[in-house]
1. Quick one: which of V77, V103, V69, V108 is under 12 Å from the mean Cα position of the chain (by Cα), open to solvent by less than 70 Å² (accessible area, probe 1.4 Å) and at pLDDT 95 or above?
2. Checking the structure you have, find out if any residue of the stretch 2-11 is open to solvent by 80 Å² or more (accessible area, probe 1.4 Å), modelled with pLDDT of 95 or more and assigned to a helix (DSSP H, G or I).
3. Would you please name the residue that is nearest to S75 (Cα to Cα), looking only at residues in the stretch 111-121 that are open to solvent by 90 Å² or more (accessible area, probe 1.4 Å) and modelled with pLDDT of 95 or more?
4. If you check every pair at least six apart or on different chains, which have Cβ atoms under 8 Å apart with a residue in the stretch 50-76 that is in contact (Cβ under 8 Å) with a residue 60 or more places away in the chain first and a residue that is hydroxyl-bearing (S, T, Y) second?
5. Would a scan of the stretch 36-44 turn up a residue that is over 18 Å from the mean Cα position of the chain (by Cα) and either within 22 Å of S92 (Cα to Cα) or crowded, with 16+ Cβ neighbours inside 10 Å (or both)?
Amino acid sequence: MKPENKATLARIFRAAGYSMKGLKAAYLHEAAFRQEVWMACVLIPIGLYLGNTGVEKTLLAGSVLLILVAELLNSAVESVVDRIGSEFHELSGRAKDIGSAAVFMAMVLAGMTWLLVLFFA
């Protein structure tokens, strides 16, 4: 029988620790994530400065954070696929390609958001 999952303060701290461990692992082992973190360090302050309203600031900064979220999920998929085996398999390649496509779509969304907010709002 599974133990009861109580939302205690200790559980919240443990979960936050696991999240920090995941961020550290992504930063140490994923070059694309490192590049996107540094890009976010530049673009988020610029977005907060250039946005005129709270909504604009949120859209500009949030679209950049979404790239990081997509990259974390892509890296997780790649890690699981690599754990299974190094030999080529069509489904493994497809999973990695789809994860990469998710990152690309997040980048397209961020680009569109920045263009629309900065030049048409």
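The values are calculated or read from the model by the stated rules, or taken from the named source; none is laboratory data. Predicted model, so just to flag it, every value in this text is computed and none were measured. FYI the Cβ positions are ideal-geometry reconstructions off the backbone, even for glycines, and counts take in every protein chain you see. Ligands, DNA and RNA are excluded from the accessible area calculation, which covers all protein heavy atoms including side chains. Shrake-Rupley method; radii C 1.70, N 1.55, O 1.52, S 1.80 Å.
1. Testing whether each residue is under 12 Å from the mean Cα position of the chain (by Cα), open to solvent by less than 70 Å² (accessible area, probe 1.4 Å) and at pLDDT 95 or above leaves just V103.
2. No; the residues of the stretch 2-11 include none that is open to solvent by 80 Å² or more (accessible area, probe 1.4 Å), modelled with pLDDT of 95 or more and assigned to a helix (DSSP H, G or I).
3. M112
4. Taking only residues 6 or more apart or on different chains, the pairs are G51/T58.
5. Here is the first cut: in the stretch 36-44, the ones over 18 Å from the mean Cα position of the chain (by Cα) are none.
Looking through the stretch 36-44, none of the residues is over 18 Å from the mean Cα position of the chain (by Cα) and either within 22 Å of S92 (Cα to Cα) or crowded, with 16+ Cβ neighbours inside 10 Å (or both).
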